[in-house]
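The values are calculated or read from the model by the stated rules, or taken from the named source; none is laboratory data. Here the structure is a predicted model, which means the values were calculated and not measured. Please note: Cβ atoms are built from the backbone with ideal geometry, for glycine as well, and neighbour counts cover all protein chains shown. Each accessible area value is taken on the protein alone, full model and side chains, heavy atoms only, with ligands, DNA and RNA left out. Shrake-Rupley method; radii C 1.70, N 1.55, O 1.52, S 1.80 Å.
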Amino acid sequence: MNHDFLSLDRIDLRILDLLQKDGRISNTKLAEEVNLSPTAVLARVQKLTTEGYILGYEAKLNPVLLGANFVVFVEILLDKTTPNALDEFSEAVVQYPEIMACHMISGGFDFLVKIRCANMDEFRRISGSVLWQLPGVKETRSYPVMEVIKDSSQLHLNFKAKAKK
């Protein structure tokens, strides 16, 4: 698979940008937006998917209506950071749907996790039944979010600097 961003042209980038903004856009509408035939656009989308640029499609759900509007970021420090300990933690953390995201961090702690739940009471339960059950956890620091200012999963695609003509 070719994962060279420079191999994408402006049309590929435009297709990716449109799809990340609306994954349900029709092929016909997508073709109109990039000035290609529907057949040509479908072939490009299939190629972008095959090459791994498009990983999948999902609906963005409303956390307020679904009782998951409380966001907490948690720093996790492990008791040791041997490759084995890091692997054990990583394998365990993906098993818990309460954890929305987990990133290994360089610096004063080892991992940063994002949790979404209903309220502080539910977070306290998750803290005890999930976070402290993860292997090797020595210390945690929690940061409840007061207000979400921006929360996007859309990548900024620089059409001018990166793509071949």
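Do the sum for the chain: with -39,500 (n - 2.57) for every DSSP H run of n ≥ 4, divided by all residues, what is the mean residue ellipticity at 222 nm, to the nearest 500 deg cm²/dmol? Walk me through the intermediate numbers first.
On the way: 5 runs with 54 residues, N = 165.
Dividing the helical sum by the residues of the chain leaves -10000 deg cm²/dmol.
Stick to Cα atoms and the Kirkwood definition of Rh, then tell me Rg/Rh for region 81-165. Walk me through the numbers before you get to the answer.
Numbers: Rg = 16.7 Å, Rh = 15.4 Å.
With Rg and the Kirkwood Rh in hand, the quotient comes to 1.09.
More than 26 Å apart: what percent of Cα pairs in the chain qualify?
Numbers: 6532 of 13530 pairs.
Value for the chain (Cα pairs over 26 Å): 48 percent.
Mind jotting down the distance between the C-alpha centroids of region 4-73 and region 95-165, whole Å?
Answer, in whole Å: 24.
Specify the residue with the greatest mean-square fluctuation among Asp22, Asp110, Asp151, computed from a Gaussian network of the chain linking alpha-carbon atoms under 10 Å apart.
Highest fluctuation of the listed residues: Asp151.
Which whole-Hz ³J(HN,Hα) couplings does region 113-122 yield from phi under the Karplus relation 6.51 cos²θ - 1.76 cosθ + 1.60, θ = phi - 60°, glycine and proline marked x?
10, 10, 10, 10, 8, 6, 6, 5, 4, 5
I'd like the carbon and sulfur percentage of the solvent accessible area for region 38-139, probe radius 1.4 Å, heavy atoms only, ligands and nucleic acids excluded. Walk me through the numbers before you get to the answer.
Numbers: 3540 of 6280 Å².
Of all accessible area on region 38-139, carbon and sulfur atoms account for 56 percent.
What does the charge count near Ser26 come to, summing +1 for each Lys or Arg and -1 for each Asp or Glu among other residues with Cβ under 12 Å from its Cβ?
Within the 12 Å Cβ shell, the charges total -1.
Could you check how many percent of all C-alpha pairs in region 26-81 are farther apart than 19 Å?
On the way: 942 of 1540 pairs.
Of all Cα-Cα distances in region 26-81, 61 percent exceed 19 Å.
Accessible area per residue of the chain at 1.4 Å probe, in Å²?
Numbers: 11060 Å² over 165 residues.
Per-residue accessible area for the chain comes out at 67 Å².
With Cβ to Cβ distances under 14 Å as the rule, what net charge do the other residues near Cys102 carry (K, R +1; D, E -1)?
Numbers: positive: Lys114, Arg116; negative: Glu75, Asp87, Glu88, Glu91, Glu98, Asp110.
Overall, the nearby charge balance is -4.
With springs connecting C-alpha atoms under 10 Å apart, model the chain as a Gaussian network and identify which of Ala31, Ala68, Ala118 has the largest mean-square fluctuation.
Ala31
Starting from the 7 Å offset along Cα-to-Cβ, what nm value, one decimal, do you get for the label separation of Leu157 and Ser7?
The answer from the label model is 1.7 nm.
Number of Lys-Lys pairs in region 58-165 under 26 Å by Cα, sequence gap 8 or more or different chains? Provide the component values of the computation, followed by the final result.
Values: Lys60/Lys114; Lys60/Lys150; Lys80/Lys114; Lys80/Lys138; Lys114/Lys138; Lys114/Lys150; Lys150/Lys160; Lys150/Lys162.
For region 58-165, qualifying lysine pairs total 8.
With every protein chain left in place, what is the accessible area of Met100 in Å² (1.4 Å probe, nearest 10)?
Taking all protein chains as shown, Met100 has close to 110 Å².
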